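The values are calculated or read from the model by the stated rules, or taken from the named source; none is laboratory data. None of the values given here were measured: they were computed from a predicted structure. Note: ideal-geometry Cβ built from the backbone for every residue, glycine included; neighbour counts use all protein chains shown.
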Amino acid sequence: MSAIEKNESFAGRSGYETWVFGILKYKILDAMRAQKRHGRWQPLEEEEGDDAIDRQFQQSGRWQASARPSSWGEPEAAFETEHFWQVFDACMIALPDNAARVFSLRELMGLSTDDICKELGIKENNCWVILHRARLRLRACIEQGWLKEETA
Amino acid sequence: MMMCKEATRLMSLKQDRPLTFQERVSLRLHLSMCSACRECDRQFTLLHEAGKRFGPEHDPEQDDDGR
């Protein structure tokens, strides 16, 4: 992932973070502007059956053994690890566009789902579905990239 | 009985709006019996906290066509 390869040129977390956040913000703003130009939010192509999510659960709705969440330790300890942030950034960038947009507006920019829906012209229920999937994808991605690598 | 997938829906929802009484009760019941979901719940909360630290100060550029 290019976000990780380029990391060397950034001293410390804050420079790196600002850089990645800058990219994400542009992605989001571009998408929103395009959406405004065309007068509507692009259809949610990942709406129907999301494989990446379905793979985490069995038919019955229980976790797949391979996807069972494990402990990430104390949040404070994670936040102090540069590696955590690199994985977080890489996983954010790997999200499908719609998921990345809605998740960023909600969690990075702190907008309410009500505001996001007004801005994007989608139903609030849709927003919650997108966020649920985004979080499941992120948690799986981070767990793979972060924990498994640390113990490897 | 609520399954893990549905429980994760409520865990996610909880980060975006207060759960109803019924939602809270069924989530709590599930979490009391499922350690994997307890971890997932912590992870969603951690993601929420991470987002707050990651997404820094308000950028003025956001306002230029925001109305």
Completion exercise
Going through the range B:11-40 in order, the residues found to be buried (at least 16 other Cβ atoms within 10 Å of the Cβ) and at the interface with chain A (Cβ under 9 Å from one of its Cβ atoms) are B:Met11, B:Ser12, B:Leu13, B:Gln15, B:Asp16, B:Cys34, B:Ala36, B:Cys37, B:Arg38, B:Glu39, B:Cys40
Completion exercise
Only one of (1) out of contact with any His (no Cβ under 8 Å at 6 or more places or on another chain); (2) part of a helix (DSSP H, G or I); (3) under 29 Å from B:His30 (Cβ atoms) does not apply to A:Gln86, and that is (3)
Exercise for the section: Select from the range A:97-111 the residues that are more than 10 Å from chain B (Cβ to nearest Cβ) and among the acidic types (Asp, Glu) and list them in ascending order. Expected result: A:Asp97
Exercise for the section: Could you check how many residues of the range A:30-81 are in a helix (DSSP H, G or I), surrounded by 12 or more Cβ atoms within 10 Å (Cβ to Cβ), out of contact with any strand residue (DSSP E or B) (no Cβ under 9 Å at 6 or more places or on another chain) and at pLDDT 65 or above? Expected result: 9
Handout entry: Per-region count, the range A:111-132, residues outside any helix (DSSP H, G or I) and either without any contact (Cβ under 8 Å) to a residue 40 or more places away in the chain or of a type in the set (A, V, I, L, M, F, W, C) (or both)
Key = 4
Fill in the blank from the handout: Checked the range A:122-143 for anything among the hydrophobic types (A, V, I, L, M, F, W, C), more than 9 Å from chain B (Cβ to nearest Cβ) and crowded, with 21+ Cβ neighbours inside 10 Å; matches are A:Ile130
